[in-house]
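Note sheet for the following structure.
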Amino acid sequence: MRKLCGVFVALFILIAATNAQELYIFSGAVSDNDDNVLPGASVVLSTGNKGTVTDADGRFYFSNLEAGTYFINVSFVGYKTFRDTLKIRSNQNVDIKLQPSVMTLHEVVVEDNYAQKQKREDSRNIEVINDRFVKMNLSGSLMKSLERLPGVSTIDIGSGQSKPLIRGLGFNRIVVVENGIKHEGQQWGEDHGLEIDQYAVDRVEVVKGPASLMYGSDAIGGVIDIKQLGVPAENSYGGSVDLTGKNNNNLVGTSIDVFARKKAFYYTGRVTLLDFADYRVPTDSVDIYSYKAALYKNYLRNTAGNEQNFHFSFGAIGQRFTTRFYFSDLHSRNGFFANAHGLEPRNVDTALHDRSNRDIQYPYQEVNHLKITNQSEWHGNKLNVEMELGFQNNFRQEWSKYVSHGYMPANFPDTISFNPDLEREFDKDVYSGNLKVSFEPVENLSLTAGIINEFQNNNIGGRGFIIPAFTQFATGTFLYGKYYLSSNSILQAGLRFDYGTINTKAYSDWFTSPVATDDTTGSYLQRSPKIARSFNNISWSVGFNQNWEKVILKANIGRSFRIPIAKELAANGVNYHRFSYEVGDPDLSAEVSYQLDLGGEYNSGNFAIGISPFVNYFPNYIFLNPTSEHDRLYGNGNQVFYYTQSEVLRFGGEIHAHYRMFNPLTVGMIGEYVYSKQISGEKKGFTLPFSPPASLLFNAKYLKENLGWFRNPYFSIDYKLVGRQNRIVPPEENTAGYQLVNLSLGGDIRLRTQKISLAFQIQNLFNRKYFNHTSYYRLINVPEAGRNFVLNVNIPFNKN
Amino acid sequence: MKTLKILLGLSIVLFVFTTCSDDDIDDEKPEIDLTISGAFPLNCDTLYFGETFTLKMLFTDNAELGSYNIDIHNNFNHHSHTTEITECTMDEAKEAVNAYVSIDDYDIPEGLDAYEVSEEITIPDSDSDGEFDEGDYHFFISLVDKEGWSVQKGLSIKILRR
């Protein structure tokens, strides 16, 4: 039996012969990981406020329970408190395993069971992973570590930053949620990573498909829902140290967390520090727009970076009321590949850049993300209330040496207030407030109603113009219902109304341009006028789940939407990463998407197979269309790209299977494929930008409970086959297919009483040179990172 | 073993399915040909202030050409490099006083898949701020086809005064 993440709950639902207003029995047993019974554990059912302690055999028993939703809380000294919600509509017997609190705080999640439950109860296609998955697949960033999931890929910027792509959709078409609050940075930018500390993640749920119903505008392509759930056991304190090293970019990193809890009150804190050098690629030179830039000792010049993240959370856990405050401040500085920033391949000062591969020279970006959120829940007898409040500040600066492009003055004038080397600056404040109420008005029906609000204020600075300053407000109200047609079939439906406004500020150049051909004085061009738009939308979703013992079937159909962003409405400038002059359209309509999702899974224990196909239609996908024009005045002579809308049809899906050949050895495979086609507009017949190629991953995994000194040892080999991508849009390049082998192994060892968890990986075992179609550096022919050894050591130092 | 066969079969089906290409769309970039006889300017060539030169090169595309742009700007600080392999000898790096800048886009007659450019371009000697600076310049050509595929060519040139 797998014992993956500590606490493990098996729910055996006994189908009662009786029905309706009967009274039920809820019983079970509490034990630890090694099946030792735990007598005297406290078991509390919060709806109805019933409590008991387990008997000498670790058993507990509640009778005369009405059907309904109950909140269960099991605690025992030395073990982590177990909390879960359960639906009682028949007599139930539950086995609960408590995890000793001497393990790390972050292993508390009831992972396998939760993932299974989500799959059974949610009609959308969902992937759930925990912190252990992140550690086993630890990569340069959280998204890169999640890339192994079917349907998930990334757009990478160097070795430390990447942004999510779900089934080929990314940027503002994916919502990232952290502790209930939508994460807002500058997600429209190709070179902007996601400001999330992957060491501080307990659980990630990936919703593959439109989810505007629950998450609002932007959740048109999917959702990455990140949770920090870990709450220490009562009267405990402790922490852990993570040490990480990588040889490819010589990364050294540590993440240290501490926690303590008296009775109700707790706090946790974490500091993560990472420092990495330029990364190495298996090539001597790269071909940038037919200019060959030599690389010094395979180092991709100036891609070093560092990260300093601080987290603090505290709160109170009560029988009915729980409140948690999270404070985090993430700071990172990342160099850009020096030869390829700006319009032309750069003749960099190699003496300066190659002196050290750890320093960060121009060009680089520096990002600070501050987040303060509160998440509170109140569990009543018939009613649960959840509230989330948040404030975020995202401050991003992009620095590079001043070079005049187009009509910018050759020498920077000293009358301008900003630093000439400040290329761009974005300063965004975001205020969020959500309220959700869930209740059961009648038997077998649960309803959730909510209201979600967000206000953004975005200021800009620096010498380059790409998006104007703007303010944005969005509010949405939804009602979502789940009806149990029978104990194994669930119907779910929801309706949502959204209203949003976006107001952009006017922007004029800080330098003059010759408006007419023989104009010698020039004038300050207005790049973007003041724009005020408002949008309404109705989203809906209907889904159905049918669960048998070995088979799960699900279907979901829904409508999602996205309000155009400031860049799409008001862009009017040169994108200095490409030879493009991008022009917004202030009259764009809100993007709408209809999607049908199906899911089927067969699981007989030793063999499992699942498929999740989808069909998706956009009547008005917002597409940045490259044209055959050039523009002299506004575009500095670059090719003109206009934001347009076109109909888009997409389909595809994922397939996964695993087969346990004999006890410790399991083989499996994951396949993913997306096909996108514009079916109207200027680029009819073309695909969408950043279309991920088809891929197949074969895996063999050896997993045991004990092997000599090791506990929970694992050895896993991934063989990934990625197809070529010839379906491209200008200015993309065809990308050849490739094969990749990754190894990972690890386990826990004990030095006296001290547990140490080791996770070791070799990424790109054969040091293959290959190109990732969705990499930011693909266009300038930079291959992906070469062989990389990654070691993560986790040392918990907990006490009760 | 049977299940392994199923897995293998499914993966083959998926792969065959995905590697088929269907649409008849233009996915080829245009080309700038500087090898035709009399092509001008070439890398390391010199232009002169106050004079007119004839731009001569061949543009080709598999379907239809769109437009092109010529951008001339200073390279006094050696900020960037040519896309040609040959290296030119550069003057000493210097600060611009009154650097010459020219950005102009040109149409290509409709319906052509090959077009030999023969465009007379005059470089003025001065503007209201005085004479333009002599020295290293960039001569940057960008060509786009009708579908939006683009290609760029950067040449290192000198602009001097006779």
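Bear in mind these aren't lab numbers, they're just calculated from the coordinates by the rules spelled out. Keep in mind the model is a prediction, meaning the values are calculated, not measured. No Cβ is skipped: glycine too gets one built from the backbone with ideal geometry, and neighbour counts run over all protein chains shown.
Restricting the calculation to Cα atoms, chain A yields a radius of gyration followed by a Dmax of 27.0, 96 Å.
Within the same chain, lysines fewer than 8 places from residue A:755 are excluded, and of the rest, those with a Cα less than 22 Å from its Cα are A:3, A:80, A:97, A:135, A:704, A:799.
Quick check: from the Cα gyration tensor, does region A:181-227 come out rounded (a/c under 1.5), prolate or oblate?
Numbers: a/c = 2.03, a/b = 1.14, b/c = 1.79.
Oblate shape, in that a/c is at least 1.5 and b/c is the bigger or equal ratio.
The fewest-to-most ranking of B:138, A:379 by surrounding Cβ atoms within 10 Å reads B:138, A:379.
Placing dummy labels 7 Å off each Cα toward the beta-carbon, the span from residue A:524 to residue A:56 is 8.8 nm. On the beta carbon distance between residue A:534 and residue A:427, with R0 = 25 Å, the FRET formula returns roughly 0.55.
Annotation: lysines with alpha-carbon distance below 21 angstrom to residue A:530 (same-chain offsets under eight excluded): A:428, A:505, A:567.
One Cα centroid belongs to region A:352-371, the other to region B:139-162; the line between them spans 32 Å.
Structural descriptor for region A:701-800: relative contact order 22 percent, calculated from alpha carbon pairs under 8 angstrom and at least 6 residues apart.
Take every Cα pair under 8 Å whose residues are at least 6 apart in sequence, average their separation, divide by the length of region A:223-796, and the relative contact order is 9 percent.
Can you figure out the FRET efficiency of residue A:263 with residue A:118, using R₀ = 35 Å and their beta-carbon distance, to the nearest 0.05? Don't skip to the end; give the middle numbers.
On the way: r = 31 Å, r/R0 = 0.89.
Computed FRET efficiency for residue A:263 and residue A:118 comes out at 0.65.
How large is the charge dipole for the protein assembly as shown, taken about the Cα centre, if only the Cβ atoms of Lys, Arg (+1) and Asp, Glu (-1) carry charge, to the nearest 20 debye? Don't skip to the end; give the middle numbers.
Values: 89 positive and 114 negative charges, 1198 e Å.
Here the size comes out at about 5760 debye.
Here the label points at residue A:296 and residue A:682, each 7 Å from Cα along the C-beta direction, are separated by 4.2 nm in the simple model.
Can you tell me the convex hull volume per residue for region B:28-160, based on C-alpha atoms, in Å³ to the nearest whole number?
109 Å³
Each of A:219, A:348, A:512 was scored by the projection of its Cα onto the charge dipole of the protein assembly as shown, and the greatest displacement toward the positive side belongs to A:219; charges sit on the C-beta of Lys, Arg, Asp and Glu. Counted by Cβ distance under 15 Å from residue A:318, the other residues give a net charge of +3, where Lys and Arg count +1 and Asp and Glu count -1.
Ordering A:82, A:653, A:254 by Cα displacement along the dipole of chain A toward the positive end leaves A:82 in first place; charges were set at the Cβ atoms of Lys, Arg (+1) and Asp, Glu (-1). Angle of helix A:111-121 to the longest C-alpha principal axis of chain A, folded into 0 to 90 degrees and rounded to 10: 80°.
Express the C-alpha Rg of region A:707-757 as a ratio against the empirical globular expectation 2.2 N^0.38 Å, rounded to two decimals.
Working: Rg = 20.3 Å, N = 51, 2.2 N^0.38 = 9.8 Å.
Dividing the Cα Rg of region A:707-757 by 2.2 N^0.38 Å gives 2.07.
In percent, rounded to a whole number, the relative contact order of region B:28-160 is 40, using alpha-carbon pairs under 8 Å and six or more apart.
Label point of residue A:250 set 7 angstrom out along Cα-Cβ; within region A:268-299, amide nitrogens under 19 Å from it belong to A:273-284, A:295-299.
Note on B:149, A:188, A:548: ascending count of other Cβ atoms within 10 Å places them as A:548, A:188, B:149, the fewest first.
Using a Förster distance of 51 angstrom, determine the FRET efficiency expected from the C-beta separation of residue B:126 and residue A:647, and round it to 0.05. Don't skip to the answer; put the middle values down first.
Working: r = 54 Å, r/R0 = 1.05.
E(calc), rounded to 0.05, equals 0.40.
With Cα atoms defining each centre, region A:412-430 and region A:733-753 are spaced 42 Å apart in the structure. Look at A:562, A:132 and count the other Cβ atoms within 10 Å of each Cβ; fewest to most, that gives A:132, A:562. Counting, for every residue in A:578-585, the Cβ atoms of other protein chains within 10 Å of its Cβ and taking the mean gives 1. Distance between the 7 Å Cα→Cβ label points at residue A:491 and residue A:793: 5.9 nm.
Going 7 Å from the Cα of residue A:665 toward and past its Cβ, which residues in region A:727-746 have a backbone nitrogen under 16 Å from where you end up? In region A:727-746, the label zone of residue A:665 (backbone N under 16 Å from the point 7 Å along Cα→Cβ) covers no residue.
Let me know the charge dipole size of region A:464-581 about its Cα centre in debye, to the nearest 20, where only the beta-carbon of Lys, Arg (+1) and Asp, Glu (-1) is charged. If you can, show how the numbers build up before the last one.
Numbers: 12 positive and 6 negative charges, 104 e Å.
Around 500 debye, computed over region A:464-581.
The lysines whose alpha-carbon is closer than 25 Å to the alpha-carbon of residue A:482, local same-chain residues fewer than 8 away aside, are A:87, A:117, A:119, A:182, A:208, A:227, A:382, A:436, A:550, A:554.
Placing unit charges on each Cβ (+1 for Lys and Arg, -1 for Asp and Glu) gives region A:223-796 a dipole about its Cα centre, and among A:499, A:537, A:337 the Cα reaching farthest toward its positive end belongs to A:337.
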